[in-house]
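Trainee: So that we are looking at the same thing, I have put the structure below in structure tokens.
Laboratory data are not the source of any read-out in this text; all were calculated from the coordinates shown. No experiment lies behind these values; they were computed from the predicted model shown. For neighbour counting, all protein chains shown are included, and Cβ atoms are generated from backbone atoms with ideal geometry for every residue, glycine included.
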Amino acid sequence: MDMTIPIAQLLLPVGLPIWQGRSQATSQIGWGLKTALVLGYLVAIAQRFRARTPIQWIVGYMLFSAIGLSVVYLVQSIAFLFTGQLPSIVTRTGHPTSIVFALDLTLLIPFMIVGAIWLLQRKPWGYVLAGISTVKGPMYTLVWIRQQEVKF
């Protein structure tokens, strides 16, 4: 059985209500159908992996990255509480705060931790979040290293 998944269908806007001239019930039916479609693809993605897939290394990488980012951000934030000196990432950008800290601590890190747990449990979302974070993680690191070389 061919379980090819077109990338465009994976990127369906799940959860966005369809309000354009339709009733709320129609909107909720559309949302439910999109959710079911995406969940079907998630199961198909999970089925592509064998039981012998070495997920422990991937889980370790995800947790190492999540913990590492947390430590870096929290150390800088706690240092600010005690010294009153803004972290260098804030002073270099000229913004009053670091949106990167906020986004990473509220979105990226929790999704990496939950994704690692789900991958250990071999849940479909675990495979998807692992795929995202194993691509995003190295790219994020390369961008960060490059930014350190560039003076603002």
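Trainee: State, as an integer percentage, the relative contact order of the stretch 55-149 based on alpha-carbon contacts under 8 Å between residues 6 or more apart.
Mentor: It comes to 34 percent, rounded to a whole number.
Trainee: Still on this structure, please answer the following. How far apart, in nm, are the 7 Å Cα→Cβ label points at Val43 and Phe64?
Mentor: Label-label distance for Val43 and Phe64, simple model: 3.5 nm.
Trainee: Could you give log10 I(q)/I(0) at q = 0.20, 0.23, 0.25, 0.26 Å⁻¹ for the stretch 53-138, computed by the Debye formula over C-alpha point scatterers of equal weight, without solvent?
Mentor: -0.85, -1.01, -1.13, -1.19
Trainee: Run the simple label-point estimate for Val143 and Ile78 please: 7 Å along Cα→C-beta, distance reported in nm.
Mentor: Each label point lies 7 Å from its Cα, and together they span 2.7 nm.
Trainee: I need the calculated FRET efficiency for the pair Arg92 and Arg50, taking r as the beta carbon distance and R₀ as 41 Å, to the nearest 0.05.
Mentor: Efficiency for this residue pair is about 0.35.
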